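Single-structure report; data block below.
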Amino acid sequence: MVYESYFIKKLNISIPDVLAECAQKSNVDTDMFKQAIIENKYEKEVLDANRYAWEQKELIAVPGYISDHKFIGSQNGIWVSKEHLEKFLSSL
């Protein structure tokens with residue numbers, strides 16, 4: 001939902017209401033969700049996960065896929081096509 005909102009619909013996902021709409025589509029309590037966003041309740045977990053992805057797994061793009069030391073990901077605003085992703089997955 002967030003990926004679609006940001007990359008396809010070009011919505012500003014830094015706005016809590018935009019993210020809450022994504023959460024609602026996933027059957028998440030939107031009031032609790034917005035409160036967690038406003039309070040930065042999961043900031044440490046997000047930063048730790050990002051640090052792990054960038055520093056330990058060396059992911060350089062979002063979205064990015066890594067398996068068995070093979071990587072495929074979008075770069076310079078160019079998305080990974082369905083065909084490239086299928087080829088990557090079939091090579092594992």
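Below are the figures for this structure:
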{"quantity": "Search result, residues across region 21-41 that are touching a helix residue (DSSP H, G or I) at 6+ places or on another chain (Cβ under 7 Å), over 27 Å from VAL80 (Cα atoms) and surrounded by 13 or more Cβ atoms within 10 Å (Cβ to Cβ)", "calculated": "GLN24, THR30, PHE33, LYS34, ILE37"}
{"quantity": "Pairs, first closer than 13 Å to ILE66 by Cβ in region 80-92, second of a type outside the set (Asp, Glu), C-beta under 6 Å, six or more apart", "calculated": "VAL80/ILE72; VAL80/SER74; PHE88/ILE72; LEU92/SER67"}
{"quantity": "Residue list for region 42-56, filter: surrounded by 12 or more Cβ atoms within 10 Å (Cβ to Cβ) and of a type in the set (S, T, N, Q)", "calculated": "ASN50"}
{"quantity": "Check on TYR3, assigned to a helix (DSSP H, G or I), under 17 Å from the mean Cα position of the chain (by Cα), touching a residue at least 40 places away in the same chain (Cβ under 8 Å) and surrounded by 11 or more Cβ atoms within 10 Å (Cβ to Cβ)", "calculated": "yes"}
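Results for (1) over 12 Å from the mean Cα position of the chain (by Cα); (2) at pLDDT below 90; (3) more than 23 Å from VAL80 (Cβ to Cβ); (4) among the charged types (D, E, K, R), shown as yes or no for each residue.
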residue	(1), (2), (3), (4)
LEU11	yes, no, no, no
ASP17	yes, no, yes, yes
GLU43	yes, no, yes, yes
GLN56	yes, yes, no, no
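The values are calculated or read from the model by the stated rules, or taken from the named source; none is laboratory data. Predicted, not measured: the structure shown is a model, and the values here were computed from it. Every residue, glycine as well, gets a Cβ built from its backbone with ideal geometry; the counts of neighbours run over all protein chains shown.
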